[in-house]
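Working notes, beginning with the structure itself.
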Amino acid sequence: MAFELKQNLKLTQQLVMTPQLQQAIKLLQLSRLEMTELISQEMEENPLLEEVVSEEYPENEALPEGDIVEIADREETKTIERTEEITGEGDGKEEFDWNSYLEDYGPTGVRYDRKDDEAPSWDNMLMVKPSLTDHLMWQLKLSRFTDTEMKVGEQIIGNLDSNGYLAASTEEIAVQEGVDEGFVEGVLKKIQEFDPPGIAARDIKECLLIQAKILGVLTPLIEMLIKEHLKDLETKNYTNISKKLKVPLAEILQAVVVISSMDPKPGSVYSEERVETITPDVYVFKAGDEYKIILNDDGLPKLRISNFYKEIMGDIGMYPDAENSKKYIRERMQSATWLIKSIQQRQRTIYKVTESIVKLQRDFFDKGINYLRPLVLRDIADDVEMHESTISRVVTNKYMHTPRGIYELKYFFSSRIQKTSGDAVASKSVKEEIKKIVSAEDPKKPYSDSDIVDLLKRSGISIARRTVAKYREMMGILPSSRRKKYF
């Protein structure tokens, strides 16, 4: 067998992901918070990056050559200056002494004597809402417990979840504290008498029974309903309960009113409320007959290459190990430049996509959600001449502030549903119609899914019953049997 050496020429197309392209793609899909964190991290790791403040430059002074920076709108600076002139701030006049004001007057306008230098400051007089653990520990310390009972009680309180239920078994607590399980049960019974009623229960049945006992409404019928008919109570199948227990329906309904007044999650009132603040990435407002788009740059540091390192690049030859130092600075400068350009490209892309959404969803901005048109990623991609994957990254975790509220950019994309007239309507508009129908129904005779289908047909929307059920579940709307109110 002979070996032969040949040379072939082959032409292929290949996408090479340069580090700059990879960085640009990464930045594009980051949320505003993640973007801010990444910039802060880059500024810590790259000494050539620094944040520029618009006040560093006078109004008519040109920016240093080579700086890649965008200065905030000059009009905003003028507004601040005009405000300072009116209020007298910033011109050397004596500023208002807020500390003295707070010492002289309380929030109710009552004057206090400031002669006592040891009086606590207002910062120390702020009230903090106690947690569930704090509230229960306060009651535990006021109770007549032995040292061993106190330790077991602390274990019980420490093992409560945010809803106030005991997450550990009495056996586990007994082993942990080296006591009998019966001893733990005794301490648990005492803690279950604490406020709020129903605390430290092991399941919802025990929670409701504890509350009924403390409230003094624990009748044989209520006890029976809680122990054996919770499922029927959940589905509001009161007729079935009446037949099983051979009790008049009126008495069942009276008991249901009492049970409904109880709290199945007694500890939730003490749980911390976590409110997520959404900061829009872009603002859309109407000016005349047109919609204007403004990118929200507040909170995003404006970056530039440090002038200090630019200057020392010319004098670096006098330093020891100059070649390695020059190489390091060159690499850091290239990295910093890539980052700045990638941020600028990200902002431009968000602007172009937002502009396209506003143009294609003009009826929504003018008339409301019922006029939201079907829209897919390809529609925007074709309009701005970008790839669908790029559009997908842009609309993820980005928010738009509009005259109709704050929406995630994803909100404006919706599947197409054909109307009987031949026109298409967005699925979100159909969901809104379903929500309106349910909100306007008679609570004692709620619409079934089939009824909703018929009502939608009158509006020219023809969809299957299973589609109505799917949309209803997505919006968290209960079925008609569970929406029905008997009293």
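Figure legend: label point modelled 7 angstrom from the Cα of Leu33 along Cα→Cβ; residues of segment 360-400 with amide N under 20 Å from it are 393-400. Average 1/r across all pairs of distinct alpha carbons in segment 132-270, invert it, and you get the Kirkwood radius: 16.1 Å. Legend: calculated FRET efficiency, Ser268 to Lys326, from the Cβ-Cβ distance at R0 = 45 Å, rounded to 0.05, equals 0.15.
Loop-located GluC sites (Glu not before Pro) in segment 174-223 (DSSP state not H, G, I, E or B) with no more than 15 neighbouring Cβ atoms inside 10 Å: Glu193.
Counting beta carbons within 10 Å around each of Ser143, Ser260 and listing the fewest first gives the order Ser260, Ser143. Measuring between alpha carbons in the structure, the pairs from Lys292/Lys428; Lys359/Lys445; Lys265/Lys398; Lys190/Lys244; Lys292/Lys431; Lys190/Lys444 lying more than 32 angstrom apart are Lys359/Lys445; Lys265/Lys398; Lys190/Lys244; Lys190/Lys444.
Applying both filters, DSSP loop and at most 11 other Cβ atoms within 10 Å, to the GluC sites (Glu not before Pro) of segment 376-471 gives Glu385.
When the distances between all Cα atoms of segment 419-483 are binned every 10 Å from zero, what whole-number percent does each bin get? Pair shares across the bins are 21, 59, 18, 2. The distance between label points at Ile437 and Leu249 comes to 2.6 nm (points 7 Å beyond Cα on the Cα→Cβ vector).
Stretching the chain fully between Leu300 and Ser448 yields a gain of 48.3 nm (0.36 nm per residue, less the alpha carbon separation). Here the dipole of segment 337-487 is about 520 debye; that uses its Cα centre as origin and unit charges on the Cβ of Lys and Arg (positive) and Asp and Glu (negative). Here the gap between Ile293 and Thr277, fully extended at 0.36 nm per residue and compared with their Cα-Cα distance, gives a gain of 3.6 nm. For segment 138-183, averaging the sequence separation of C-alpha pairs within contact (under 8 Å, six or more residues apart) and dividing by the residue count gives a relative contact order of 26 percent. Around the amide H of Ile305, modelled in the peptide plane, lie the amide H atoms of Ile68, all under 5 Å away and 5 or more residues distant in sequence or on another chain. A convex hull fitted around the alpha carbon atoms of segment 282-412 yields 140 Å³ per residue.
When the Cα centres of segment 280-307 and segment 328-354 are compared, how far apart do they sit, in Å? About 16 Å separates the Cα centre of segment 280-307 from the one of segment 328-354. In order along segment 280-289, the phi-based Karplus estimate (6.51 cos²θ - 1.76 cosθ + 1.60, θ = phi - 60°) of 3J(HN,Hα) comes to x, 7, 8, 10, 10, 9, 8, 10, x, 9 Hz; Gly and Pro are listed as x. Taking the centroid of alpha carbons for each part, segment 364-399 and segment 240-255 are 54 Å apart.
Read-outs throughout are calculated quantities, based only on the coordinates presented, and are distinct from any laboratory measurement. Keep in mind the model is a prediction, meaning the values are calculated, not measured. Note that we place each Cβ from the backbone using ideal geometry, even for glycine, and neighbour counts take in every protein chain shown.
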